[in-house]
Amino acid sequence: MGFYTNKKVLVTGGTGLIGKPLVNLLLNEGAKVRIASLDDKSLAAHEAEFMQVNLIYLENCINVCADMDYVFHLAGIKGSPKMSSERPASFFVPIVLFNTNMLEAARQCGVGKYLYTSSIGVYSPAEIFHEEDVWKTFPSENDKFPGWAKRMGELQIEAYKMEYGWNGISIVRPANVYGPYDNFDERNATVIPSLIKRALNGENPLVVWGDGTPIRDFIHAKDVARGMLMVLESGLTDPVNLGSGRGYTIKEITDIILNNMYPKPEVIWDTSKPLGDKKRLMDITRAKSIGFFPQISLEDGIKEVMNWYLKYKGAIDKRYNIFATGRNI
């Protein structure tokens, strides 16, 4: 039997960008999966148990953790740096609440292994991000509120290890994740889904912020999900970067999208808008030590997302979007 066979596994955010491929992988491994999400039930895998629940409340977290062997805590808030600066409480408060309550609920319920999804946003500006450097600096101003919220989750884990001796907790820090079922809301989407949606919806000229030179590390959601399974099974308790280790400029991203379109829109670079950090790449040496290597190229991944968007964009409206609710929580 495999590591996940017949195990009761909770995936918070199991209808989301990383959650959907993670749930599918777990089901293929023979796990008995429970999903906790605020999304519409139609987005959940039919073979999994589904609970539509708000995880900012401890009681709800205890209910979803009951009888679980393993927990993958993916539930989070994904949005652009612009939205982070305009709606910081909508990032910070829910992230802190459901991270804190989920870990405490898992402890109270006697969960054996727990994986916490942190973020590239915990890092200070640097060309290469190394796991051990996080607590030497502060998060980038561009990720100040979500970055600190994610750091609080990591600090809580350290406290639990020290006080309770719970050594079954793993931490992953994904790079810039993209894939089907991403957040395509043009008001707060990150660069890849935003450009895909606007380009495929006929925006011409296609306006792109900055000058195209910033370099980012992108990784497909399916690769992240696979890496998560490997990290939890390995027993690694030190944080693990899950990225590609390779940088792409925003211009290269734009060119990949345009190369999969005909006719192509004109592109206008709006240099009056902020560039963000110049370069952000992840060192993935630790992930490689357990055999993790990304399998999906950025070119293939973006093409897949474009095809998915054209076919399934109607499902996007069924996703819970905190920024469209008119309230912080």
- Message: If a residue counts only when it is free of Cβ contacts under 8 Å to residues at least 60 places away in the same chain, of a type outside the set (Lys, Arg) and surrounded by fewer than 24 Cβ atoms within 10 Å (Cβ to Cβ), which strands (runs of 3 or more DSSP E) contained entirely in the stretch 1-85 have at least 1 such residues?
- Response: 49-52
- Message: Looking for something touching a helix residue (DSSP H, G or I) at 6+ places or on another chain (Cβ under 6 Å) and more than 25 Å from residue 3 (Cα to Cα) - is there at least one such residue anywhere in the stretch 284-299?
- Response: yes
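Going residue by residue through the stretch 119-129, is there one that turns out to be under 27 Å from residue 294 (Cβ atoms) and polar (S, T, N, Q)?
Checked against the condition, which is being under 27 Å from residue 294 (Cβ atoms) and polar (S, T, N, Q), the stretch 119-129 yields at least one hit.
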- Which is surrounded by fewer than 21 Cβ atoms within 10 Å (Cβ to Cβ) and among the basic types (Lys, Arg), of 113, 144, 150? 144
- Unmet requirement for residue 49, which otherwise passes all of (1) at pLDDT 95 or above; (2) in contact with a Gly (Cβ under 7 Å, 6 or more places away or on another chain): (2)
- What are the residues in the stretch 283-329 that are farther than 16 Å from residue 194 by Cα, β-branched (Val, Ile, Thr), surrounded by 16 or more Cβ atoms within 10 Å (Cβ to Cβ) and at pLDDT 80 or above, if any? 284, 296
- Item | Of all residues in the stretch 127-138 being farther than 18 Å from residue 287 by Cβ and exposed (fewer than 15 other Cβ atoms within 10 Å of the Cβ), the one that is modelled with the lowest pLDDT | 127
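Can you give me the ranges of the strands (runs of 3 or more DSSP E) entirely in the stretch 175-277 with at least 2 residues that are surrounded by fewer than 21 Cβ atoms within 10 Å (Cβ to Cβ)?
Answer list for the stretch 175-277: 206-209, 267-270.
Could you say which residue among 106, 89 is touching a residue at least 40 places away in the same chain (Cβ under 8 Å), surrounded by fewer than 17 Cβ atoms within 10 Å (Cβ to Cβ), in a helix (DSSP H, G or I) and small (Gly, Ala, Ser)?
89
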- Any chance the stretch 201-220 includes a residue that's free of Cβ contacts under 8 Å to residues at least 12 places away in the same chain and among the hydroxyl-bearing types (Ser, Thr, Tyr)? no
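The values are calculated or read from the model by the stated rules, or taken from the named source; none is laboratory data. This structure is a prediction, so every number in the text was calculated from the model and none was measured. Backbone-built Cβ (ideal geometry, glycine too); neighbour counts: all protein chains shown.
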